[in-house]
1. Compute, for the stretch 160-253, the length of the dipole vector about the Cα centre, with Cβ point charges of +1 (Lys, Arg) and -1 (Asp, Glu) only. Units Debye, rounded to 20.
2. Pull out the extension gain between His200 and Met248, defined as 0.36 nm times the separation in residues minus the alpha carbon to alpha carbon distance; nm, one decimal.
3. Starting from the Cα of Lys144, draw a straight line to each of the lysines and keep only those under 21 Å, dropping any in the same chain fewer than 8 residues away.
4. Enumerate the lysines that Lys91 could reach by cross-link, defined here as Cα to Cα under 22 Å, with residues fewer than 8 away along the same chain left out.
5. Between Glu48 and Glu100, what FRET efficiency comes out of the Förster formula 1/(1 + (r/R0)^6) with R0 = 25 Å and r the beta carbon distance, rounded to 0.05?
6. Run the reach check for Lys226 against lysines, Cα to Cα strictly under 18 Å, same-chain hits fewer than 8 apart removed. What comes back?
7. If you take the charge dipole of the stretch 134-201 about its Cα centre, with +1 on Lys and Arg Cβ and -1 on Asp and Glu Cβ, which of Gly177, Ser198, Leu153 is farthest toward its positive end?
8. Given a 1.4 Å probe and the protein chains all in place, what does the accessible area of Glu48 round to, in Å² to the nearest 10?
Amino acid sequence: MNSLYIQQIDLRVDLPSNEYYSEIGAVKHILKNGALELSCPVTFFMGENGSGKSTLIEAIAVAYGFNPEGGTGNFNFETRSSHSELFRYIKLIKGYKRPENRFFLRAESFYNVATNIDELDSDPYASFAPPIKNSYGGVSLHEKSHGESFLTLAENRFGKNGLYILDEPEAALSPTGILRLMVRMDELVKQGSQFIISTHSPILSAFPNADIFELSDDGITPVQYKQTSHYIITKRFLDDPDGMLKYMLDADE
């Protein structure tokens, strides 16, 4: 029996046809082919810039009840309304269990989440409860580098039996930092957690036994790790950086 917290991603048939998100290849794919089934505790969405990865993962997160800018299910703030209305047409088929922990990490707006934590802790009424920052390593996330704040979140706030939706978590991480994140992911998967992640990282997407879906104008394609365009391009570059650079730069002359 599939015990994942989110098992399928589907769309309502009344999705408007005159919105930009209706033209995203992944959206048209689901409308045409039916619900996208998730079968592994870790699912990656990959693809080129503009392929709709972040739009889709944002819609999944908001449809589940997360704040568009990120955080746990309890965060309710708005710095700037920029999310699409696609979430209104997303249908999530959920598992029989509810997650004990959950978090939506959106790399581009995590600064706003950290700021909101500080604001809530500085509220005079907050003195009646333990500081929220205690769940995030005990200090303000603004006192850490961007990358360290991501890792502090994963290593302190993420817990067992959790649902974690991450939008490009590698954005602030060094290769070593990505490996630390993968170690933490492995611990949490073994403790009943599920991850749905959009990424460009050929390191992160090597996580064992994960499902990888490549998004493009043609739709959604399940692929093996070494078949992803990110892996292929990165390997070609690392195998012969001088040759690839010469080819690319000379091509512009």
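1. Once rounded to the nearest 20, the dipole reads 680 debye.
2. Extra length available between His200 and Met248 comes to 15.2 nm.
3. Correct list for Lys144: Lys133.
4. Candidates past the 8-residue exclusion: Lys28, Lys32, Lys53.
5. 0.10
6. Lys226 reaches Lys235.
7. With unit charges placed on the Cβ atoms, the residue in question is Leu153.
8. Rounded to the nearest 10, that gives 110 Å².
The values are calculated or read from the model by the stated rules, or taken from the named source; none is laboratory data. This is a predicted model, so every value here is computed, not measured. Glycine gets a Cβ as well: all are built from the backbone with ideal geometry, and neighbour counts include every protein chain shown. Surface areas here come from the heavy atoms of the whole protein model, side chains and all, with no ligands, DNA or RNA. Shrake-Rupley method; radii C 1.70, N 1.55, O 1.52, S 1.80 Å.
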